[in-house]
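Working notes, beginning with the structure itself.
The values are calculated or read from the model by the stated rules, or taken from the named source; none is laboratory data. The structure displayed is predicted, hence computed values, not measured ones. Using ideal geometry, Cβ is built from the backbone for each residue, glycine included, and neighbour counts are taken over all protein chains shown.
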Amino acid sequence: MFSRRSPLGFLIALLAAFVSLGAASLSPEPLTERDTTSTASTFVYPTDSGNLTFALTAVKSNGDLYFHMEAPAGNSWVAIGTGDSMSGSVMFLIYASSDGKGVTLSPRYSSDEVEPSYNSKLNCQLANGTGIINGIINYNKSDIYVVNGHCSNIPSVYPKALDFGNTQQKFIFAVGPSDHTIHSNDLNAGIRRHTEYGTFQMDMTKATVQNADDVTVPTGPAAWQNSANSKLVGHPTNDHDWTGPIHALAMCGAFVIMFPAGVIILRVMEKVKLHAGMQGLATLVALIGVGIGVYLSRMYNHSKNISSAHQIVGLVLLFACFAQFALGYFHHRIYKQQQRSTIMGKIHRYAGPVILILGALNGFLGFSFSDNSKANIFYAVIIVVVFGLVGGLLFWKARRKARQAKASFAGMGGPFDNPPRGYQGAYDVTPPQGSGYSTPYDPSRSNIALGNMPSHGPPGYNETPTYPRPMV
Ligand code: HEM
Ligand code: HEM
């Protein structure tokens, strides 16, 4: 163990700690007692990807903290926080610097179970100097973060964060997902929710010295084994955040699968009520997805103000979905009563594809927003397949109808002899008197032209003429 009688002594001690801690990161058995007379305390926890080490010495006279951290660099970030929950915790968060070799130490505060925010009042720096190494180093074929930090007077900013007289001072730790990378010097860099977190305790009376000159740092086995002054509390938790994937599934499911299916039901299968049912269900799914999106929004600093293009476009589209449903419903009601097209029907018809396409495109913004841009490639493939299929079916149907219309011009043996029931057939309207239809009147027939004229001659002027294809 080294004593910090001079800055140089401290720096040498930190370096020695670093060397020994590096050796420790692969230690399979962290629970070995250390020198109990030491004034520093060390906590070591073997995470799934290697040891997380935190060695601390606090200074009573000025409230400063000196600490040494090590952790597997495969995690996008690693943090130690004061207290036993995120709420009210002062956190020492580390992640790779912009060149991917150094390390950024970002002191943060968290008021809830949400992404902690950088607080510039927390004066924490990397301890730099001759022989001190901070950064990502490769040890035994593993990359590890190595950080030597110094924070000035934490109690002056958050008096309740640490109790130097507490023999069971609680701390929390957490590691970020390994499928994300942060390369940033920005102290405000966004982090993704943890994959594992837990709690430990330290005897602060053993980890605290009176004056800065008395600071000691652990070396040798003391540096990398759990000290008698610290221990794990409870069981660490593996955490997986499902809200993002569920939100994505609901929203993309609604806009890329359900709404387009509703279009096919109407235009190809010609079932107006089923169309309404499907679009209503998709709107409900979108509502639930947006609810989850709003919950998700409060979790991250970049989304909590609901001001990004992705969120605003999404909210506007949700509103538009409800408006579409209402327009479709009222148009349908009027049509049933009066057999006429309405302005509502027209808006419904033209706004539908726009909403659908914008909604699907908003998925791209979503993946980029959640720092998951590589998912956009798969998403693009799905979009091309689905929209290609929908376009193909609509084209096929249009051609089929055109062919039928042509056949009806020929007059005989065309579809008028046994006209297909179109989606407007669901309207169940009474055939106009004297229309000459041999089958029930079907207002869906877009091919009603000369071919549907009664064989006994044109209707009189007071009779109902042929019906154009109505809007639904
Ligand atoms: C984007 C950043 C973060 C988000 C969104 C987040 C979110 C959450 C959520 C939602 C929970 C509750 C989990 C559950 O009920 O199973 C939780 C718990 C926890 N988190 Fe975080 N967290 C973040 C960062 C951190 C950091 C940096 C630490 C640092 C040590 C941490 C430590 C913990 C601990 C120890 C718990 C369990 C105790 C508690 O409920 O407060 N978290 N977090
Ligand atoms: C058309 C509507 C929407 C679609 C298609 C959509 C789709 C998506 C997708 C695909 C993701 C990526 C999820 C992931 O990578 O795990 C995402 C993320 C997200 N969306 Fe949406 N979304 C929509 C509307 C909304 C709305 C209205 C809000 C909130 C007001 C919202 C909030 C969020 C948030 C907070 C994230 C995650 C950001 C992060 O992880 O940092 N979204 N969305």
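Observations, loosely collected:
- Verdict on Gly366 being near ligand 2 (Cβ under 8 Å from one of its atoms) and either surrounded by fewer than 16 Cβ atoms within 10 Å (Cβ to Cβ) or in contact (Cβ under 8 Å) with a residue 60 or more places away in the chain (or both): yes
- A single member of Gly81, Gly74 is within 12 Å of ligand 1 (Cβ to nearest atom), within 28 Å of the chain's Cα centre (by Cα) and either under 15 Å from Ala161 (Cα atoms) or touching a residue at least 40 places away in the same chain (Cβ under 8 Å) (or both), and it is Gly81.
- Of all residues in region 314-330, one or more are among the β-branched types (Val, Ile, Thr) and either near ligand 2 (Cβ under 10 Å from one of its atoms) or surrounded by fewer than 18 Cβ atoms within 10 Å (Cβ to Cβ) (or both).
- Sole exception among (1) near ligand 2 (Cβ under 8 Å from one of its atoms); (2) part of a helix (DSSP H, G or I); (3) under 14 Å from the mean Cα position of the chain (by Cα) for Met299, by number: (2)
- Filter result for Tyr118 (away from ligand 1 (no atom under 16 Å from the Cβ) and in contact (Cβ under 8 Å) with a residue 12 or more places away in the chain): no
- The listed residue being modelled with pLDDT of 95 or more and more than 14 Å from ligand 2 (Cβ to nearest atom), out of Gly289, Gly293, Gly280: Gly280
- Residue match in region 283-294 (condition: assigned by TED's automatic domain parsing to the domain that holds Ser110, more than 22 Å from Val386 (Cα to Cα) and part of a helix (DSSP H, G or I)): no
- Restricting attention to region 167-183 and to residues that are surrounded by fewer than 19 Cβ atoms within 10 Å (Cβ to Cβ) and β-branched (Val, Ile, Thr), the residue that is nearest to ligand 1 (Cβ to nearest atom) turns out to be Thr181.
- Flag for Asp48 being under 17 Å from Arg192 (Cβ atoms) and surrounded by fewer than 20 Cβ atoms within 10 Å (Cβ to Cβ): yes
- The set of residues in region 87-110 that are crowded, with 22+ Cβ neighbours inside 10 Å and on the phi > 0 side of the Ramachandran plot is empty.
- Sole exception among (1) touching a residue at least 24 places away in the same chain (Cβ under 8 Å); (2) over 15 Å from Ala360 (Cβ atoms); (3) touching a Leu at 6+ places or on another chain (Cβ under 8 Å) for Phe259, by number: (2)
- Criterion (near ligand 2 (Cβ under 9 Å from one of its atoms) and either in contact with a Cys (Cβ under 8 Å, 6 or more places away or on another chain) or touching a residue at least 40 places away in the same chain (Cβ under 8 Å) (or both)) met by exactly one of Lys273, Lys304: Lys304
- Whenever a residue of region 31-56 is at pLDDT below 55, its partners that are among the charged types (D, E, K, R), lying with C-beta atoms within less than 8 angstrom and at least six residues away or across chains, give the pairs Thr36/Lys206.
- In region 184-203, of all residues being part of a strand (DSSP E or B), farther than 27 Å from Ser120 by Cβ and not charged (D, E, K, R), the one that is farthest from ligand 2 (Cβ to nearest atom) corresponds to Gln201.
- Residue match in region 173-183 (condition: in contact with a Phe, Trp or Tyr (Cβ under 7 Å, 6 or more places away or on another chain), in contact (Cβ under 8 Å) with a residue 60 or more places away in the chain, within 16 Å of ligand 2 (Cβ to nearest atom) and at negative phi): yes
- All positions within region 340-363 that are in a helix (DSSP H, G or I), among the small types (Gly, Ala, Ser) and surrounded by fewer than 18 Cβ atoms within 10 Å (Cβ to Cβ): Ala351
- Residues of region 369-381 that turn out to be over 22 Å from His302 (Cα atoms), more than 8 Å from ligand 2 (Cβ to nearest atom) and surrounded by 15 or more Cβ atoms within 10 Å (Cβ to Cβ), as a count: 0
Rundown of residues vs (1) modelled with pLDDT under 95; (2) farther than 30 Å from His302 by Cβ; (3) part of a loop (DSSP other than H, G, I, E, B), yes/no style:
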site	(1), (2), (3)
His150	yes, no, no
Asp179	yes, no, yes
Asp241	yes, no, yes
Leu249	no, no, no
